[in-house]
Each structure stands twice: as C-alpha cells, then as structure tokens.
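Below is one structure, written out as structure tokens; the observations come after it.
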Amino acid sequence: MIFMRTEKLHIKIKTIPKVIQPLNHINYTLPDRAMRFITLFSLVFSLISCSSKETTNIHDPSRSFYKIYSNYTITDRNNYGCEKINIYILEHVLRTGIEITPRDEHDHYSTTGCSIKGTLAMNKKVVEFTFDYGGILYIGKDLIIGCAEACCKNNFEYCTWEPEDLK
C-alpha cells in the first residue's frame with residue numbers, strides 16, 4: 001500500500017499501475033498552481049481587453065480615446081438613486097458626441113447630479129474625466145464632449161440635449 005501526500009489531502013492508493021509508477025516523485029500541487037495561473041491570466045486579460053479598445057470620434061477623427069478606466073463609483077448629489085453604467089455608455093458618447101463650450105452646456109444641456117470619474121488616454125496622454133449622466137463628458141481641464149444629435153439617436157438614455165441650434 002502506498003500513501004501519497006498533497007498539501008491538505010492524504011490519498012490512499014492500494015495499487016499503482018506500472019505505467020504510473022515512475023511518476024511517484026511528482027509534487028501533486030500542480031492543480032493549485034494551475035488554477036492560480038488561470039485566474040490571474042483571466043483577470044489580466046479581462047482588464048486589458050475591456051480598457052484598451054480605441055474609440056475614435058466620428059466628428060473629429062483625429063481625436064481618439066483608449067484605456068478608459070473607472071471604478072464606476074457613482075456620485076449622486078440629488079439622491080436620485082443613480083444606476084451603474086458600463087464602459088459602452090462612455091464609448092458611445094466618446095464616439096458620437098461633439099465638442100461643446102461651457103455656454104453650449106448651459107444653453108442646451110441639463111446636468112443630473114449623477115456622475116462617475118475615471119481616466120482615459122487621449123492622443124497618447126492620460127487625463128482624468130467626469131461623466132455626467134446628462135450625456136456630458138468633462139475631459140481634462142479644457143475639453144467638454146456633449147451627447148448631441150448623432151449621440152442621442154434611438155432614445156439614448158443619457159441624453160439631455162435640447163436641439164435648438166446645436167448639432
């Protein structure tokens with residue numbers, strides 16, 4: 001009778017086939033290591049794949065965004081019970097929104113009090129952003145992207161644009 005020991009489990013084996021006998025010396029903790037590797041690899045792959053996709057603005061193709069990161073912690077200033085959003089909402093506004101001025105924001109948009117913060121890379125620079133659920137992205141210190149005509153199509157939920165003159 002042979003006893004083999006793993007980290008926490010004793011296995012009692014009555015007979016070992018001759019084919020397996022030369023493998024008696026192998027440390028049987030490989031499944032634990034394999035699971036750790038698979039878990040770590042999956043985590044790294046999912047982080048990279050979710051955040052490294054490049055998003056190009058349809059109105060200004062020279063403007064591209066990538067490495068979008070946020071912990072999606074919601075600021076709810078008015079206690080509206082703001083829902084969590086995902087990266088696809090941000091990508092949609094970055095892809096279809098237009099650059100607006102603070103005056104445009106005042107005249108044609110509504111802020112909601114619901115927002116998230118994060119970082120993204122724009123033209124090879126990492127900058128901070130704040131996304132207001134009214135469809136307004138504040139990027140860095142100088143850029144405001146608002147969800148306008150192309151962005152608001154199909155009843156986009158995060159659109160507060162009022163289409164008087166701004167397209």
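Nothing in this text is a laboratory measurement; each read-out follows from the coordinates by a stated rule. Computed from a prediction, not measured in an experiment: that's the story for all the values here. All Cβ positions, even for glycine, are placed from backbone atoms using ideal geometry, and neighbour counts span all protein chains on display.
Convex hull volume of the Cα atoms of the stretch 69-167, normalised per residue: 99 Å³. For D76, the shell of other residues with beta-carbons less than 15 Å away shows a net charge of +1, using +1 for Lys and Arg and -1 for Asp and Glu.
Calculated FRET efficiency, K53 and D142, Cβ-Cβ r, R0 30 Å, to nearest 0.05? So the FRET efficiency works out to roughly 0.80. Taking 18 Å as the limit for the C-alpha separation, the pairs K53/K84; K117/K141; K84/K125; K84/K117 exceed it in the case of K53/K84; K84/K125.
Once the piece of chain linking N155 and Y88 is laid out straight, how much longer is it, given 0.36 nm per residue of separation minus the C-alpha distance between them? Length difference between fully extended and current span is 22.6 nm.
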